[in-house]
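The values are calculated or read from the model by the stated rules, or taken from the named source; none is laboratory data. On a predicted model such as this, the values are computed, not experimentally measured, just so you know. Neighbour counts are summed over all protein chains in view; Cβ atoms, including those assigned to glycine, are modelled from backbone coordinates with ideal geometry. Surface accessibility is based on the protein's heavy atoms, side chains included, excluding ligands, DNA and RNA. Shrake-Rupley method; radii C 1.70, N 1.55, O 1.52, S 1.80 Å.
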Amino acid sequence: MILQTIQKAGELLALYDREHTEWGVRDAASRLKMAKSSTHDLMNSLAKLGFLNKTNDNRYRLGWRLVTLSETLLATTELRKEAHPVMEELAAQYQETIHLAVLDDTQAVYVDKLEGRQAVRVELTSLGARLYAHCSALGKVLLAYSSEEEVKRIIQTAGLPRFTPNTLTDEEELLQALAKIRKQGYAYDLEEILPDLCCVSAPIYNHGGEVIAAISMSIPAFRFRRSQTEYREAVMRAAKTISKCLGYYDTLHKNSKR
């Protein structure tokens, strides 16, 4: 019973996103396929704990307790602590937007972001934002170093929606692209999620030789095409530096890649 309650609480919190910032009991109960009374009790309990906040019209928004937990997570996560100084150097040198992301279930989650002075603003990638993995350089890196079974599960669950004419929406083409990424050690997003925006990303390894995250640089298309190789090499160097900070040495993990 306790496990079921925890699961339902997780499913309820997962209903919230940028398009759905408030939920009423009736709508939440319908979406969760729960009784209205049970949903009311669950939402009320989460509100008492600070995970939800009840509005004056008896609807519920996310509570501030989640911000505290989020800050604690980010402040105590080794990945972010080691990556942030390297990201700062990269942003200072190139003045472009730098992202750090991990794969969570079917999507890429942005766990850090820095914007350079001349960077294009990428509103989709705020801290904690989730994006489909198949259309971003970060996401494709994270998919490339996942098992083929896991990639197919993600495709089946999340689909391959098209965002621009350049978005990969064919499963076989995506699998071929992921194989190429594993071989070359980096991925591109060539206006695949937003027009006029390109990105380059590289994998970050932990001490056991596993890819646990990816770092990327987002650049306006006209600047990217002018200095593509330079941007790529800079991001790959940054990824290698962060990996070493996490205890990874490629001479000890030559067989860690698929």
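Look at the alpha carbon pairs under 8 Å that are at least 6 residues apart: their mean separation over the length of region 1-69 gives a relative contact order of 28 percent.
Average accessible surface for region 72-231: 46 Å² per residue, computed with a 1.4 Å probe over protein heavy atoms with every protein chain in place. Between 14, 108, 133, find the one with the highest GNM mean-square fluctuation for the chain; connect C-alpha pairs within less than 10 Å. Looking only at 14, 108, 133, the largest GNM fluctuation is found for 14.
Please go through region 195-239 and write out the GluC sites (Glu not before Pro) that DSSP classes as loop and that have at most 10 other C-beta atoms within 10 Å. Passing both the DSSP loop test and the Cβ count: no residue. Sequence-distant contacts, meaning Cα pairs under 8 Å at least 6 residues apart, place the relative contact order of region 146-258 at 21 percent. Taking the square roots of 5 times each eigenvalue of the Cα gyration tensor of the chain, largest first, gives ellipsoid semi-axes of 35, 20, 19 Å. For the chain, the longest principal axis of the Cα atoms and the long axis of helix 228-245 meet at an angle of about 70 degrees.
Accessible area per residue (1.4 Å probe, heavy atoms of protein chains only) ranks 19, 82 as 19, 82, with the largest value leading. About its Cα centre, the chain has a charge dipole of approximately 280 debye under the convention of +1 per Lys or Arg Cβ and -1 per Asp or Glu Cβ, with nothing else charged.
Here's the list of lysines a cross-link from residue 244 could span, going by alpha-carbon distance under 24 Å and ignoring same-chain residues fewer than 8 apart: 81, 113, 140, 180, 183, 254, 257. For region 1-44, the alpha carbon convex hull comes to 64 Å³ per residue, rounded to a whole number. Each peptide in 139-145, 2-8, 23-29 receives the mean, over its residues, of other Cβ atoms within 10 Å, and ordering these scores from highest gives 139-145, 23-29, 2-8. Sorting 241, 97 by solvent-accessible area of protein heavy atoms yields 241, 97, largest first, with a 1.4 Å probe. Across the chain, the relative contact order, built from alpha-carbon pairs under 8 Å that are at least six residues apart, equals 14 percent. Using a 1.4 angstrom probe on heavy atoms only, work out the carbon and sulfur share of the accessible area of the chain in %. Carbon plus sulfur share of accessible area: 50 percent. Projecting the Cα atoms of 109, 177, 94 onto the charge dipole of the chain (Cβ charges, centred on the Cα centre) puts 109 farthest toward the positive pole. Phi angles of region 29-39 translate, via the Karplus equation with coefficients 6.51, -1.76, 1.60 and θ = phi - 60°, into HN-Hα couplings of 4, 5, 5, 8, 6, 10, 5, 4, 5, 5, 5 Hz per residue; Gly and Pro are given as x. The local environment of residue 241, defined by Cβ-Cβ distances under 13 Å, has a net charge of -2 under the rule Lys, Arg +1 and Asp, Glu -1.
A Cα-only calculation for region 1-118 places Rg and Dmax at 18.2, 56 Å. Placing one equal scatterer on every Cα of region 172-228 and applying the Debye formula, the log10 ratio I(q)/I(0) at q = 0.25, 0.27 Å⁻¹ is -1.05, -1.10. Charge dipole (Cα centre; +1 on Lys/Arg Cβ, -1 on Asp/Glu Cβ; no other charges) of region 1-57 amounts to roughly 180 debye.
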